[in-house]
Each structure stands twice: as C-alpha cells, then as structure tokens.
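This report concerns only the one structure given below.
Read the figures in this text as sums done on the coordinates, not as results from a lab. Since we're looking at a predicted model, the values are computed, not measured. We place every Cβ from the backbone using ideal geometry, glycine too, and count neighbours over all the protein chains shown.
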Amino acid sequence: MSAILLQGAGAGAATALSPFNSIDPSKLVVPSRSSLSVRSKRYVVAGSDSKSFGSSLIVRRSEPLIPNAVSAKADTAASSTSSKPGHELLLFEALQEGLEEEMDRDPHVCVMGEDVGHYGGSYKVTKGLADKFGDLRVLDTPICENAFTGMGIGAAMTGLRPVIEGMNMGFLLLAFNQISNNCGMLHYTSGGQFTIPVVIRGPGGVGRQLGAEHSQRLESYFQSIPGIQMVACSTPYNAKGLMKAAIRSENPVILFEHVLLYNLKETIPDEEYICNLEEAEMVRPGEHITILTYSRMRYHVMQAAKTLVNKGYDPEVIDIRSLKPFDLYTIGNSVKKTHRVLIVEECMRTGGIGASLTAAINENFHDYLDAPVMCLSSQDVPTPYAGTLEEWTVVQPAQIVTAVEQLCQ
Amino acid sequence: MATAFAPTKLTATVPLHGSQENRLLLPIRLAPLSSSSFLGSTRSLTVNSPRRLNHSNATRRSPVVAVQEVVKEKQSTNNSLLITKEEGLELYEDMILGRSFEDMCAQMYYRGKMFGFVHLYNGQEAVSTGFIKLLTKSDSVVSTYRDHVHALSKGVSARAVMSELFGKVTGCCRGQGGSMHMFSKEHNMLGGFAFIGEGIPVATGAAFSSKYRREVLKQDCEDVTVAFFGDGTCNNGQFYECLNMAALYKLPIIFVVENNLWAIGMSHLRATSDPEIWKKGPAFGMPGVHVDGMDVLKVREVAKEAVTRARRGEGPTLVECETYRFRGHSLADPDELRDAAEKAKYAARDPIVALKKYLIENKLAKEAELKSIEKKIDELVEEAVEFADASPQPGRSQLLENVFADPKGFGIGPDGRYRCEDPKFTEGTAQV
C-alpha cells in the first residue's frame, strides 16, 4: 500500500515521497474476528507511486483545489506492478466516491452543510453531487451550525440519513448543544424509540498557518458524549471505507478528516468495500514498541519509523482509527507483544484522545507494560499563526524518534 | 365570530371572552388591518406583487391577516357556530384530560412519587388542544419540558406518561427520559427537550423530512410539524435560525409560541426588546399571527389556517398564543414574583370554563354530558396512577441497552469480542 507522504514539517524537513517499503501486504489482511462484525473485505493493493508531487499538493482554504495535482483515475498506473486492479485517487475523491455510492444505494441519504451544493464543498468532497442528486438532497444551508445540525438530527429521527458537513470541524462548536444533547442522547432518552443515523463530518486538525480557530481538534471535546461514535480517516482507502460504514451505521458517527490529508493519493479497489468502524488498522507490524496514532500523525510516525528502522528499531505502528470506542483487541495484542507503548497524536495534551487511551491501556494491560505509557500530544497552546511556532505546537518526527529511543532503553 | 385576525369582520357568533383586554401597557393588538391578506390566501394579492420573490421585503414586512375561508364555509353550513357538538366534546375532553393530569402530577410529586423538574401546563390547555386535535397521527409535534399535555393531546396514553413520570419501565420512554423527555414514535411525538430552543431545529428537521419525502422520494406526504415553545425561547438564536431556514425552504412547519409572559421569574417585557413576537414572522418571510391562547376556538381557527397552509406546501407560519400558566414555572418554583391581580385576571379566562360556557350556551352539550366527561377523565387519570404505581422499576439490565442503536458502538474489548456480546452487557454490569 503506498500513499504519497505530505510534508509534515515546516521548511527544512526532508520531503520523503517514496513508498513505504517496510510493509508486508500479506500481513495486513486481517480476517474478521467477530461473529457480529460486518464483513469487511480488506484488499490491500500494492500499487506504487509513479509520480512525485511537490508542495503544490498542500491545500489552502482560500484557493480552489489545484486541478493539475489531480491524477486521473484508473489507467495511468502504467508503472504499477500490482496484479490486482484498482483505481488511483486522492483522499477527497475517495470520500466523494464513498458518499456518492451510498447516495446511489439509498435514496434516504442526503447531505447538508455550508457550500456543499453549488460550490461543491470547500474541500471538494461533495463536488458534482448537487448536479446529480439535486438541491434538496445536497442542501446548501445558511450559516447556522446549531440549527442545521439539529435539522439533520430531526430528519434522521423521521427516517432520513443525513450527512452533515462542518465546513471546518471547529465550526461544530456552535452545534455542541445539538451534538451533545440530541445527537448523542436522544436514542436513550426516548427509550430506544428514535434512532439518529447521522454522519457528522468535516476537516479539522492543524493545517498550514490557518490560525488558532481553524486549527482545532474537536475529538477531545466530543469524546465524552455518550451515544456517539468517532472515527478518524487517514488514507484514501480508509476514508472511503469509513465514510460508507458511517453512513450505513444506525449510530450517530462523527468522522474526522484532516485539512492536510485531502490530497493524499492511493490506489483503492474497484470492488465495493467498507471499513469496520470499531477496528484499528495495523500499519506496520513490529516487535519492539507499539506506536498508536491516528489521522495526520500517522505520517509523522511513519516518517520517524524509517529513521528508527535505520537505527535498528522495529516499531509496530497502529492507526487506531476508532477514537471512540477504542479497539482494545488490536491495541491489547500489540501491547502484549511489545510491552512498550507510545501514543502520538495531534490532540491537545489535556483531556485528549491520548489521555483517554493512556488510561484505557493502563487499566486493561498494566501487567504487560515494561515502561510507562508515553503520550506525545500537541502543546496546550492555541495554534499560532507563525509557521515556526505552529511547527513547535505539533509533534514532529524527530520527537517521535527520541521518544522511542527513550522508551526502548 | 371573533377571529384573532380581523376584529372588524365580526359576525353573529358571540366571542368567548368579549373583546380582548390589553394585558400589557404596550398594545399587543391583533394584526392591524391592511390591504395585504394572509399569504396563504387563495385570493391573489393585487396590492403587492410580485409575490414570488422570496426577498421581496415590502410584501413580507406587512402584517398579515388571516382570511377565514374555512370559517366562512362553516358559517354558512353551521349556523355561525365554530364547531360541531362532536368536535366540542372532543376538545372539552382533551382539555379536561390535560388539566386533571397535571393536577394529579402535582399531587404525586408532593407525595414523593415523581422527582426532579416537573413543569405543569395548567392554564395553557387551549393551545395544545387547539392545535394538536387538528393533526393526524403521522404529523409530528415537538415540545419543550412542559410537554405532558402535548403528549396526551397527541395520543400518548395517560398511563404511559404517568409511568414515565414515575420512572417505571412501562413509561413511554422506559423510564429513561422523565418529565422533560416525552417521546413516542407511534404517535410522532418527537420530544420533550430540556434546554429551551433545542427542539426547534429538530422540528425543522422533521418538516424537512416531509418535504424530502414529497419532492425527492416522490411519496404522498402531507405531514406537518408543529413546534411548541415559550416566550423565553424567542430570544434564543436557534429560534431565529430555524425561522430563516423554514421560510427559505418552505418547510411544512408551524411555530407556536406559547407566550405566557414569564420565563421562570423573568418577565417577557424585561427580556425582550420588541415583545410582539408575531411580528418576527414577517421579518423572515412568513405570516406572523397573534391569537388569544386562552380561547380554544380562536386557537383552533388559526391553527386550521396554518396547518392548511403547510399541507399545501406554502411554508411555515409563526403563531403567537397569548396564554398564561396558572401554576409556577415548575413544582419547585414558589411563584412569588407574579402579581396576584394578573393571576386573577387570567384565572377568569380559564379556557376550560370558557369552552364549557360556550358549549352550554350554544346548546352543543348539556351540563350532565360535560360532567360525565369529567368523571370519565378522573377515572382515567386515577387508573393511570394505579398502573404506574404497580409497574416495575427498570432493572439493571436496562442500563446499557439504548445508549446505541447498534450496540457495536461500545467497541471491541480486550478479548476480541464486541463488548455487547459480553453476557454482562445484558445485565448492565459490563465494562464499557
């Protein structure tokens, strides 16, 4: 599985654009382990990247997507050595594909949000959908997050399956009343009578000098809400899979995307597939240490992993994907094998996902740990505008390498 | 007949309360007569056109006057009465049910059978009955924490509501919701919300569903949604956001303001820059109507118009009902701030007494018939209490059941199985 690595650090960091050659594809096909779990056929396609892209991949909010960076689907993988078919696309296209397939499949699925219709979505995830499905199925809302999130919830209670987009996850702070009280709780307070099969999605995370308010990580704020599930996508493959799974789920699901990951390119299967909402993803099996991560930090971790491998370490990297609930089986198996855990996240230090995960691991796998769980999170600082400062608020690969060396002494 | 809209169109029927008194120093009057008619009218507007443009401000800002097409029809067939005997008895029974039920709640609360915050509806019955008795089973109602009577009017059984208040398994929400969260999927009672204003977007969503079914799924859907909320809510952002969206998308929704002048201890006049809430409708492009909420027949006439509008696809209506709660905000409220004279004035306009008088004076019912209804309701409420008393409390097993519609949402435990597969899950003792 190859994906283009985006520049994770500021100026001066090496731009590593080569595929991850340390992954053994055969180890990544995990059979479904629970009788209840949805059958997720996981195809890992070993496509190779044929082009290298410079910094033009980086999406700036104010500018439209650079069309030149978009590779056409399917046929251009001339240098692909894979025997399995598939098509290459960018992460935002994968999200769109997933969404479109679900909208084709079930006429009750609809989209609502700011600029999702005629504008095609501020990150182009809903591009073309309004033309195809109409203005009511892809609804351009006025700027009233609380009300349109609530409207989505009311629509879900009465039989529709809305996908509510927050133009930036941070805007959903305005919808907190609806997300907490209604989205999370109504199924319970109604005694199970009403289901709320909504998907709330949008880009979050620290971008490229977007300023404090557009660089928020809302997963920490929402994680305590009972009754919701939270997932974070990180590759085109799991983006499409999680989108489809989230739409099909009867539970309210919050799908966290990342502003800087929308232009990741990958070859994904032509066949239909979904990713299990509750499962974590094994990115790189290893023996020495378990590194748990999600979303964009996965790429910082993989970058650090290359350095670590050269230094002789063998890290096991798991993309937890499911932020709530945690997949304690995959995580636990890893801890039992390596006995050391490092959590790398972009969330804030205080009360973040990492904090909860640390607690869960200590509680469940204390006996298997040879060292305290270490958690690398962003600084508890409003994300500064200045590039240098911004770089220091987020975990960088060098810090990950140091942490691993420290833990593995 | 006295309508809320056009006092000068009075005809032979005697109004229930005589002329409306000024209850505030500011004259909250009926919508002043102007040349523009109710936007839902079948008569086309000749004065202000084009009407089609949604942003035609001049048209929108003019106060709207309801055209009583329905009333006129009734007048010609029914000898100037607003209701038939059957309808009259139905309305009476519903209001008596509301009143008796709430009185019983007060008793039960003070006897320690129900707890927490309980908000009673005494005095406001005309609004609930006036609107909800016009709805079908598939129409939706969204309310606030003062929702017992809305649930009852919508058809939820007294037993289910009382049991819910007692926190028993047989309650409409299995005891998990409580006084402020009355839900019923069967009767399309969409709650029951504790925070003011948070139900209005949900109602907007239900109305959106109706429109979606009609226009996207091509189903035969004429369902409307009625959202009830108070004067305090009308200063909340969600209210305005939803007025905008409802008018913008022409959703089949009716926004009903139960203006009882008080938000706990905050007088509406002290909290609101322009206390005439009905005026806020035209600002968003929908008719705003003011009606005497202590008069069930007036409310019903307004409701008919508004519901018909919505069913025809002409969009939302904002209805402000001037009403009053005879009790405090909740059973925990000592109700010391309100003036005794004000209370007395509204007590004299008790909607149940008024309807009774109307029915008897217009020979629609005899005293004995009404008494028998009252007796029947008393027995019904008593029986509801007995039923609730006898019902079991929820067991431990119920603790985790309804957190997720799909319990896989609790995730995968360390042993590799989904937590919901753990036998302790059904016992309510699983680690989640």
- prompt: What trypsin sites (Lys or Arg not before Pro) does segment B:349-379 have in DSSP loop regions with at most 12 other beta carbons within 10 Å?
  reply: B:363, B:366
- request: Please work out whether segment B:81-390 counts as rounded, prolate or oblate from its C-alpha gyration tensor, where a ≥ b ≥ c are the square roots of the eigenvalues and a/c under 1.5 means rounded, while otherwise a/b larger than b/c means prolate and anything else oblate?
  value: rounded
field: Estimated FRET transfer efficiency (residue A:337, residue B:429; beta-carbon r; R0 30 Å; 0.05)
entry: 0.50
query: Taking 0.36 nm per intervening residue step and subtracting the Cα-Cα distance, what contour gain separates residue B:137 from residue B:347 on full extension?
result: 72.4 nm
message: For a Förster distance of 45 Å, can you work out the FRET efficiency between the beta-carbons of residue A:350 and residue A:106, rounded to the nearest 0.05?
response: 0.65
task: Can you tell me the relative contact order of segment B:81-390? Whole percent, Cα pairs under 8 Å, sequence separation 6 or more.
output: 23 percent
- request: Could you calculate the FRET efficiency of residue B:217 with residue B:157 from 1/(1 + (r/R0)^6), where r is the beta carbon distance between them and R0 is 22 Å, rounded to 0.05?
  value: 0.10
In nm, spacing of pseudo-spin labels at residue B:283 and residue B:269 (7 Å Cα→C-beta vector): 2.0 nm
Extension gain from residue A:310 to residue A:270, taking 0.36 nm per residue of separation minus the Cα-Cα distance: 10.9 nm
Two-site label geometry, residue A:363 and residue A:135: point separation in nm, points 7 Å out along Cα→Cβ: 5.0 nm
statement: Simple SL model, points at 7 angstrom along Cα→Cβ for residue A:388 and residue B:368; separation in nm is 9.8 nm
